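Working notes, beginning with the structure itself.
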Amino acid sequence: MQRCGARFVVGTDLKSIAVPYHGGLHRFAIFTASVTLLLIVAGALVTSNDAGLSVPDWPTTFGSFYKIPRMVGGIKYEHGHRMVAEFVGLLTIILAVWTWRVEKRRWLRMLGLAALGTVIAQGILGGITVLFFLPPAVSSAHAAMAQTFFCIAVAIAVFTGRRWIEEQPRVELDARRPSLFTLTLLSIFVLYVQLLLGAMFRHNGLSWWPHVIHAGVVAVVLSWTAVRAISVYSHIEAVRRPAIIMLSLMVGQLCLGFLAFITRVMWGKDAAQPELPMVTSTVIHVAVGALLLATTVVLAIQVWRHVPVSFEERVPGSERKPVAA
């Protein structure tokens with residue numbers, strides 16, 4: 001089966017099934033991803049303000065499922081975070097059902113279900129962090145799961161877009177080693193490691209130095225990936241644009257990480273409570289990190305589509321020819 005633009009051509013009889021564009025679903029997926037970024041910011045506000053146990057029970061809030069408590073002190077951060085999380089959960093249910101009903105692409109319907117499963121797991125992990133008094137490992141897993149869900153939501157927005165469905169992709173085989181696709185996967189991996197190290201540091205489960213040292217690894221890998229994409233495939237806009245955005249976000253993220261380190265470790269280590277510079281720099285650092293990870297995932301998706309890996313196959317009676325993997 002050969003992928004060809006918005007159609008899937010089966011065999012040699014050229015039977016094809018058109019994949020329709022659903023503008024409403026695409027816009028709703030974008031909205032869901034946007035609200036998810038807001039949820040990540042709300043979660044960072046909870047952690048940065050040490051408000052994780054301001055509401056000591058779960059799934060209720062001070063014994064109630066529906067009453068809104070007085071939004072004072074840390075309660076406004078913790079309960080506000082829960083309210084945004086509930087809204088994201090509702091949006092995800094709608095997105096999964098909508099995708100399942102209108103999408104012909106079975107793998108995309110399954111991705112919608114994966115989004116639903118991820119948001120459920122995220123809620124459970126959030127509850128466990130409260131019930132067991134913020135264990136660093138669970139709290140870090142909660143943070144990583146949030147970013148995973150954000151990436152899934154962004155991916156659904158990409159796959160339901162008009163350009164993905166209707167354009168004829170420009171394809172160029174990649175015979176380099178390591179391939180650009182391999183580099184994008186490596187970039188995603190090192191970003192996840194950095195995410196976990198940062199979460200463990202924020203939740204007092206790890207010292208700051210592994211996070212800081214690994215930031216250098218992230219800078220090298222992402223720079224390598226972005227430079228390869230921009231220098232070799234600049235004529236493919238779908239690859240060039242996310243590569244430029246990824247590189248820009250990485251530079252900004254390194255600067256924000258340095259600022260967050262200064263305000264948290266150097267200036268705020270003896271503070272009686274979190275101070276505004278530390279809270280602000282940390283929250284923005286977390287938000288930009290989420291955008292960086294999602295952009296890297298988008299780059300990997302576009303590279304998979306436009307720059308497939310090739311290998312050399314021995315054809316009897318002829319020279320080696322590159323073949324798409």
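Give the distance, in whole Å, between the Cα centre of region 211-233 and the Cα centre of region 131-173.
Using only Cα atoms to place each centre, the spacing works out to 20 Å.
Per residue of region 144-156, in order, report the coupling 6.51 cos²θ - 1.76 cosθ + 1.60 (Karplus, θ = phi - 60°) as ³J(HN,Hα) in whole Hz, putting x for Gly and Pro.
5, 5, 4, 5, 5, 5, 4, 5, 5, 4, 5, 4, 4
What value in Å³ per residue do you get for the convex hull of the alpha-carbon atoms in the chain?
144
Output wanted: per-residue J couplings in Hz (rounded whole) for region 19-25, from phi through Karplus 6.51 cos²θ - 1.76 cosθ + 1.60, θ = phi - 60°, x for Gly and Pro.
Karplus values, whole Hz, x for Gly and Pro: 9, x, 8, 10, x, x, 5.
What number results when the radius of gyration of region 1-168, computed over Cα atoms, is divided by 2.2 N^0.38 Å?
1.26
Over the chain, what relative contact order in percent results from Cα pairs under 8 Å that are six or more residues apart?
With pairs under 8 Å counted, the relative contact order is 21 percent.
Which one of 98, 51, 74 has its Cα pushed farthest toward the positive end of the charge dipole of region 1-168, where Lys and Arg give +1 and Asp and Glu give -1 at the Cβ?
In region 1-168, that residue is 98.
From the phi angles alone, apply the Karplus equation (6.51, -1.76, 1.60; θ = phi - 60°) to region 256-262 and give each ³J(HN,Hα) in whole Hz, x where the residue is Gly or Pro.
5, x, 5, 5, 5, 5, 4
When each pair of different Cα atoms in region 170-325 is counted once in the 1/r mean, what is the Kirkwood radius in angstroms, to one decimal?
The answer is 17.1 Å.
Throughout, read-outs are computed from the coordinates displayed, never taken from laboratory work. Since this is a predicted model, take the numbers as computed values, not measurements. Neighbour counts are summed over all protein chains in view; Cβ atoms, including those assigned to glycine, are modelled from backbone coordinates with ideal geometry.
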